[in-house]
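Reading through the structure tokens given below for one structure.
The values are calculated or read from the model by the stated rules, or taken from the named source; none is laboratory data. Please read these numbers as outputs of a predicted model, since none were measured by experiment. Ideal geometry is used to build each Cβ from the backbone, glycine not excepted, and the neighbour counts take in all protein chains shown.
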Amino acid sequence: MREFSVQTVQDLPEYKQPPVVEVVFGIHFKELKNFLTPYLGLLWERFRSDYPICQEVPPLAPVIERFSDSPITQTQLEISDLLPPPRVWFIHSHQNGIIQVQRDRFLHNWKKIRPNDEYPSYEKVNLMFKEKLSIFESFLAEFDIGTLEPLQYELTYVDQIAFSDEFNSLAKIGNVLRDFCWQDETNRFLSEPESINWRTSFLMPDRVGRVHVAIRNALRREDREPIMVLELTARGLPIETSRSAMWEWFDLAHERVVQGFADLIKDDFQNNVWRRIR
């Protein structure tokens with residue numbers, strides 16, 4: 001892998017009150033055809049002491065970044081004689097951690113569940129993922145199921161922006177996002193926006209991935225108060241597939257997501273609402 005000039009965590013934007021509510025590390029790999037459903041129960045035993053809750057959810061479709069003259073992200077549908085791969089969640093006893101497993105995916109989420117839950121830092125969430133991935137790979141080796149052949153890595157940050165005096169309606173979105181502005185003029189035919197759903201993407205250096213940005217309005221789960229959700233997802237794969245290259249890619253993805261977030265938000269909003277430190 002090319003030596004990227006990645007900023008250290010100490011050089012990246014930091015906030016006293018960060019708006020992040022979820023972080024997801026994931027690896028998408030070539031389908032493990034021998035990883036049949038009975039193995040999921042055996043795998044759960046490896047995590048069950050800390051992740052005692054098991055839940056089955058719909059499988060994730062494979063989404064692969066492609067690089068050509070036109071930027072296209074492809075959803076691949078493979079023909080297989082196997083049943084659709086189940087996806088299971090192993091949920092931490094505190095409910096802040098979720099291990100997600102299916103025949104071609106392994107992910108680990110950190111989630112903010114309670115108002116006083118604090119984001120533990122990129123390094124700690126990264127370490128959680130490394131530890132759980134190592135256990136998963138040891139399990140695959142023990143039962144001779146196969147080895148992971150990476151197709152793509154993924155890092156997602158989800159942020160919630162609450163309505164406030166500075167941002168009390170979607171018409172005031174220009175007070176938050178530096179590239180947006182609703183011209184609130186008295187002679188406009190349209191009323192102020194009722195909803196927003198905006199998506200775009202940005203290339204990472206040397207086309208080792210893309211950062212996808214999605215912005216939408218929603219209601220906060222605990223109190224049904226209006227919020228804006230800002231989701232940044234980096235997906236891609238370095239030229240090399242060694243583990244050292246993998247962790248370098250995640251560091252680069254983290255930098256692009258964090259710097260990208262700060263680049264989208266107006267400086268005074270970052271300082272006044274989230275108390276930006278640097």
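Within region 148-169, the set of residues being out of contact with any Leu (no Cβ under 9 Å at 6 or more places or on another chain) and buried (at least 18 other Cβ atoms within 10 Å of the Cβ) comprises just one member, PHE167.
Here GLU192 clears all of (1) among the charged types (D, E, K, R); (2) out of contact with any helix residue (DSSP H, G or I) (no Cβ under 9 Å at 6 or more places or on another chain); (3) loosely packed, with under 13 Cβ neighbours inside 10 Å; (4) more than 30 Å from ILE64 (Cβ to Cβ) except the condition numbered (2). One residue stands out in region 39-54 among those that are in contact with a Gly (Cβ under 9 Å, 6 or more places away or on another chain) and assigned to a loop (DSSP other than H, G, I, E, B): the one that is surrounded by the most Cβ atoms within 10 Å (Cβ to Cβ), namely TYR51. Pairs meeting the criteria (first residue in region 103-124 and free of Cβ contacts under 8 Å to residues at least 24 places away in the same chain, second residue among the polar types (S, T, N, Q), beta carbons under 9 Å, at least 6 apart or on different chains) are ILE113/GLN95; ILE113/ASN96; ARG114/GLN95; ARG114/ASN96; ASP117/ASN96; PRO120/ASN96. Out of curiosity, is SER70 at pLDDT below 95, among the small types (Gly, Ala, Ser), surrounded by fewer than 17 Cβ atoms within 10 Å (Cβ to Cβ) and in a loop (DSSP other than H, G, I, E, B)? For SER70, the condition - at pLDDT below 95, among the small types (Gly, Ala, Ser), surrounded by fewer than 17 Cβ atoms within 10 Å (Cβ to Cβ) and in a loop (DSSP other than H, G, I, E, B) - is met.
Output yes when any residue across region 249-258 is surrounded by fewer than 16 Cβ atoms within 10 Å (Cβ to Cβ) and in contact with a strand residue (DSSP E or B) (Cβ under 8 Å, 6 or more places away or on another chain), and no when none is. Break it down stepwise before answering.
Taking region 249-258 as the starting set, the residues that turn out to be surrounded by fewer than 16 Cβ atoms within 10 Å (Cβ to Cβ) are none.
No, that holds for no residue.
Filtered by the rule that a residue be in contact with a Phe, Trp or Tyr (Cβ under 8 Å, 6 or more places away or on another chain), surrounded by 13 or more Cβ atoms within 10 Å (Cβ to Cβ) and either modelled with pLDDT of 95 or more or within 14 Å of PRO115 (Cα to Cα) (or both), region 213-226 gives VAL213, ALA214, ILE215, ARG216.
Mind checking whether some residue in region 128-144 is of a type in the set (Gly, Ala, Ser) and modelled with pLDDT under 95? Explain how you work it out, then say what you get.
Within region 128-144, the subset of a type in the set (Gly, Ala, Ser) is 134, 138, 141.
Remaining after also requiring modelled with pLDDT under 95: none.
The answer is no, given that none of the residues of region 128-144 is of a type in the set (Gly, Ala, Ser) and modelled with pLDDT under 95.
To keep it simple, each residue is scored yes or no on (1) aromatic (Phe, Trp, Tyr); (2) in contact with a strand residue (DSSP E or B) (Cβ under 9 Å, 6 or more places away or on another chain); (3) over 27 Å from GLN259 (Cα atoms).
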position: GLN95; (1), (2), (3): no, yes, yes
position: PHE129; (1), (2), (3): yes, yes, no
position: SER138; (1), (2), (3): no, no, yes
position: GLU154; (1), (2), (3): no, yes, no
position: ALA162; (1), (2), (3): no, yes, no
